[in-house]
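Quick notes on the structure that follows.
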Amino acid sequence: IEIYSLHVDCKVTSRFAHTVITSRIVNRANESREATFEVELPKTAFITNFSMSIDGKVYPGIIKEKAAAQKEYDTAVSHGLSAGLVKIRDRKVELFHVSVSVAAASKVTFELTYEELLKRQLGKFELLIKVRPKQLVKHFQIDVHIFEPQGIVFLETDSTFMTNELTEALTKVQNETKAHILFKPTIDQQKVNSELNETLLNGDFIVRYDVKREATAGDIQIVNGYFVHYFAPTEMPVFPKNVIFVIDRSGSMAGRKIEQTRDALLKILQDLRPEDHFSFIIFSNKVAEWKSSLLPATEENVASAAAFVQTLSAMGGTHINNALLAAVSALDRAEGLPERSVSMVILLTDGQPTSGERNVEVIQKNIQKAINGKYALFCLGFGFDVSYKFLEKMALSNGGIARRIYENADAALQLQGFYQEVATPILMKIEMQYPENAIEGLTKNNFKLFFEGSEIVVSGKISNELDLLPVEIKAQSHTSDLTLKEEANVKEKEQVFQNQKYIFGNFIERLWAYLTIQQLLEKSISAQEEDQKTLEAQALELSLQYSFVTPLTSMVVTKPSDQQQAELANKPTEAG
């Protein structure tokens, strides 16, 4: 079985990435063989299309409601069929895997399409392409086109497998608003060495970039009646933060996990600003406070905290409820904190609650009642023994986010990376306002906090014949209350994309659908049961309308009739 051609074609239009992977395979044997197509795609992406062409006949993937698809195929599964086609591979990617039997001398073409909105983190957008052909490929190429009407301010490529020879196969062409990156190594350039037929191409190919930002009230783009508004203010004073680290030291954290936690906390302590206040709560079946109150992050206090962190050891159960309540209570009674500051609790745990209150629903209610919207709660789940669903619901109900920390060599870096994302709050209580009677289907437009290096994205449909789209942003910065205003000329904005030849036409509409589905699913996590059903029904309708494989839909992959029945591709979620 020879892969004679492998193309990755990616078009990024104003952060929205549309990727098509085409693999052409021939069976050089004189009997039928199994051809496999494996793609690792970002977890944040939705698959939108898949097809196989065998000897000119096309077998498309069909996207259906998950429950209905499942029912149809449960019968097929009882005939000994393989399980789902998509599974979580690691921290950033999931694996799509399909195989089909190919007759002697026959050819098969696999084509997979997926889309995602690139999310700005720490000042950069990152496009991740996994490269793992497992053999030398005669025609191999990665083609990335980027169009950013705001202008590209910096662009870099990075890879885990580059050599000097391979660098020669990489070209970058860039002007003010466009970039084209082509990576097209010959068979010889792909080889580990000239004697062995082994490939060097194994790992990540990454494109990072950022855009110019001139308008204070962000940038508005409009295509076919849909708008997207990007807002990422720069050069703002940073809010002092009051942060309590709630650290699990139960028995299961023993060994490498507690070591990595210590390493990460020592680095995080160095990153605290002098105007920040902080404290630690350490828990197993008992809850211990490092100090009775939050302390300013002076050199002396940070050194004393570092000495304390060095002594962390693991034993005992997991009393999450009381540990979090103790953190909230410490913030409630704290005195002398800066008047305009941001308070947050960062929980790190690796297990289920095993001590004290064990009912996760009761814990969620207790914490939500105690926090009462005053502070943000971030939950980090270490490894796979945590109830991620529980942590995610708790974080999302309290203005924060949850993140799984994978138990790899880089766990300390993952912890630190997470902290860096939330370390510099520069705005709070952000309201993005648009004319009510003129916009439909507006995505989330109120945000508790904005962190430096990220970006707020709001999208919607301009309902009537508007000539001007006025926007108003209200927010609080460390020093003042802000009101920013902007007016977008609809016709002018539409013009920007008219003459771009490689833009797929309705990309803002698809971006809007992608964002709406993501937000409906996120909202349903912390919603009451009856609301949950409504939110999921809305997300399902959009997933089917725009053909996205989301946690509510399945793609049915059909195969030639002489082979095993169809298979299902489902979207895995972090909560399993």
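May I ask you to compute the full-extension gain from K212 to S293, defined as 0.36 nm times their residue separation minus their alpha-carbon distance, rounded to one decimal in nm?
Numbers: separation 81, 0.36 × 81 = 29.16 nm, distance 4.28 nm.
Going from the current span to full extension adds 24.9 nm.
If I take the Cα coordinates of the chain and project them onto the principal axes, what are the three extents in Å, biggest first?
78, 61, 54
Could you tell me what percent of the accessible area of the chain is made up of carbon and sulfur, with a 1.4 Å probe and every protein chain present?
Working: 12000 of 25440 Å².
About 47 percent, which is the carbon plus sulfur part of the accessible surface.
Label-point separation (nm) for E522 and A409, each offset 7 Å from Cα along Cα-to-Cβ?
For E522 paired with A409, the spin-label model returns 3.3 nm.
Once you list every other residue whose beta carbon is under 13 Å from the beta carbon of F140, what net charge do they have if Lys and Arg are +1 and Asp and Glu are -1?
On the way: positive: R24, R132, K134, K138, K184, K191; negative: E2, D9, D143, D188.
Here the charged neighbours net out to +2.
Determine the gain in length on full extension of the stretch H180-K365; use 0.36 nm per residue of separation and subtract their C-alpha separation, reporting nm with one decimal. Intermediate results must be reported in sequence, preceding the final value.
Values: separation 185, 0.36 × 185 = 66.60 nm, distance 5.07 nm.
Stretched fully, the H180-K365 segment lengthens by 61.5 nm.
Mind giving me the FRET efficiency for Q433 and D271? R0 is 30 Å, r the Cβ-Cβ distance, nearest 0.05 is fine.
With a Förster radius of 30 Å, E is 0.30.
Between the stretch 544-572 and the stretch 280-357, what's the alpha-carbon centroid distance in Å?
46 Å
Given the chain, what percent of its DSSP beta bridges are antiparallel, to the nearest 5?
On the way: 120 of 153 bridges.
Counting only bridges with both partners in the chain, antiparallel ones make up about 80 percent.
Pairs of Cα atoms under 8 Å, at least six residues apart: use those to get the relative contact order of the chain, whole percent.
Details: 1269 pairs, mean separation 100.3, N = 576.
Here the relative contact order equals 17 percent.
Just list whichever of K365/K393; K448/K571; K66/K119; K369/K393; K11/K57; K66/K87 have alpha carbons separated by over 18 Å in the model shown. Mind showing how you got there, number by number?
Values: K365/K393 11 Å; K448/K571 29 Å; K66/K119 27 Å; K369/K393 14 Å; K11/K57 27 Å; K66/K87 16 Å.
Among K365/K393; K448/K571; K66/K119; K369/K393; K11/K57; K66/K87, the Cα-Cα distance tops 18 Å for K448/K571; K66/K119; K11/K57.
Calculate, for the stretch 241-423, the solvent-accessible area per residue in square angstrom, rolling a 1.4 angstrom probe over the heavy atoms of the protein chains. All intermediate terms of the calculation are to be shown ahead of the outcome.
Details: 7450 Å² over 183 residues.
Result: 41 Å² of accessible area for each residue.
Taking the Cα-to-Cβ direction at S5 and at N285 and moving 7 Å from each Cα, how far apart do the two end points lie in nm?
6.6 nm
Mind checking the angle between helix 256-271 and the chain's longest principal axis? C-alpha axes, 0 to 90 degrees, to the nearest 10.
The angle comes out near 70 degrees.
Considering only DSSP states other than H, G, I, E and B, which trypsin sites (Lys or Arg not before Pro) in the stretch 98-142 qualify as loop sites with at most 16 other Cβ atoms within 10 Å? Please report the intermediate quantities before stating the final value.
Details: sites: K107, K119, R120, K124, K130, K134, K138; in loops: K119, R120, K134, K138.
Passing both the DSSP loop test and the Cβ count: K119, K134, K138.
Calculate for the chain the 222 nm mean residue ellipticity that helices alone would give, adding -39,500 (n - 2.57) per DSSP H run of length 4 or more and normalising by residue count, nearest 500 deg cm²/dmol. Working shown, then result.
Numbers: 12 runs with 141 residues, N = 576.
-7500 deg cm²/dmol, from helical runs alone.
Assuming a strict under-22 Å limit between Cα atoms, what lysine pair count do you get for the stretch 231-344 once near-sequence pairs (fewer than 8 apart, same chain) are dropped? The partial results should precede the final answer.
Details: K241/K267; K241/K291; K257/K267; K257/K286; K267/K291.
Value for the stretch 231-344: 5.
Run through the stretch 440-514 and list the GluC sites (Glu not before Pro) located in a DSSP loop whose Cβ has at most 12 other Cβ atoms within 10 Å. Mind dumping the intermediate values first?
Working: sites: E440, E452, E455, E465, E472, E486, E487, E492, E494, E509; in loops: E452, E455, E465.
Here the GluC sites (Glu not before Pro) that fit, given the DSSP loop and packing criteria, are E465.
Give the shape of the stretch 55-204 as rounded, prolate or oblate, defined through the alpha-carbon gyration tensor: a ≥ b ≥ c are the square roots of its eigenvalues, a/c under 1.5 means rounded, and otherwise the shape is prolate if a/b is larger than b/c and oblate if not. Present the calculation step by step, with values, prior to reporting the outcome.
Details: a/c = 2.19, a/b = 1.36, b/c = 1.60.
Oblate, because a/c is 1.5 or more while a/b does not exceed b/c.
Does anyone have the angle between helix 299-310 and the longest principal axis of the chain? Alpha-carbon axes, 0 to 90°, nearest 10?
60 degrees
Report, to two decimal places, the Cα Rg of the stretch 148-293 normalised by 2.2 N^0.38 Å (N = number of residues).
1.67
Roughly how far apart, in whole Å, are the Cα centres of the stretch 181-206 and the stretch 440-509?
Comparing the Cα centres of the stretch 181-206 and the stretch 440-509, I get a distance of 42 Å.
Report, in degrees rounded to the nearest 10, the 0 to 90 angle that the Cα long axis of helix 388-397 makes with the longest principal axis of the chain.
With both axes taken from Cα atoms, the answer is about 60 degrees.
Need one number: nm distance between label points at K448 and E339, each 7 Å from Cα along Cα→Cβ, rounded to one decimal.
With each label placed 7 Å out from Cα toward Cβ, I get 2.4 nm.
D90 to Q121: extension gain in nm, 0.36 nm per residue of separation minus the Cα-Cα distance?
Working: separation 31, 0.36 × 31 = 11.16 nm, distance 1.91 nm.
My answer for the length gained is 9.3 nm.
Could you calculate the FRET efficiency of I187 with S32 from 1/(1 + (r/R0)^6), where r is the beta carbon distance between them and R0 is 45 Å, rounded to 0.05?
Details: r = 26 Å, r/R0 = 0.58.
Calculated value: 0.95.
Please say if the stretch 241-423 is rounded, prolate or oblate, where rounded means a/c under 1.5 for a ≥ b ≥ c the square roots of the C-alpha gyration tensor eigenvalues, and otherwise the choice is prolate for a/b larger than b/c and oblate otherwise? The partial results should precede the final answer.
Details: a/c = 1.44, a/b = 1.10, b/c = 1.31.
Because its axes are fairly even, with a/c under 1.5, the stretch 241-423 counts as rounded.
Can you compute the charge dipole magnitude of the chain about its Cα centre, using +1 on each Lys and Arg Cβ and -1 on each Asp and Glu Cβ, nothing else charged? Give it in debye, rounded to the nearest 20.
Working: 62 positive and 74 negative charges, 149 e Å.
It works out to roughly 720 debye.
Based on the Cβ-Cβ distance from E487 to R132, what FRET efficiency comes out when R0 is 35 Å, to the nearest 0.05?
That pair, E487 with R132, gives E of 0.15.
By DSSP, what percent of the beta bridges with both residues in the stretch 241-423 are antiparallel, rounded to the nearest 5?
Numbers: 5 of 29 bridges.
Antiparallel bridges make up about 15 percent of those DSSP assigns within the stretch 241-423.
The values are calculated or read from the model by the stated rules, or taken from the named source; none is laboratory data. A quick note: this is a predicted structure, and the numbers were derived from the prediction, not measured. FYI the Cβ positions are ideal-geometry reconstructions off the backbone, even for glycines, and counts take in every protein chain you see. Side chains are part of the model used for accessible areas, which takes the heavy atoms of the whole protein and leaves out ligands, DNA and RNA. Shrake-Rupley method; radii C 1.70, N 1.55, O 1.52, S 1.80 Å.
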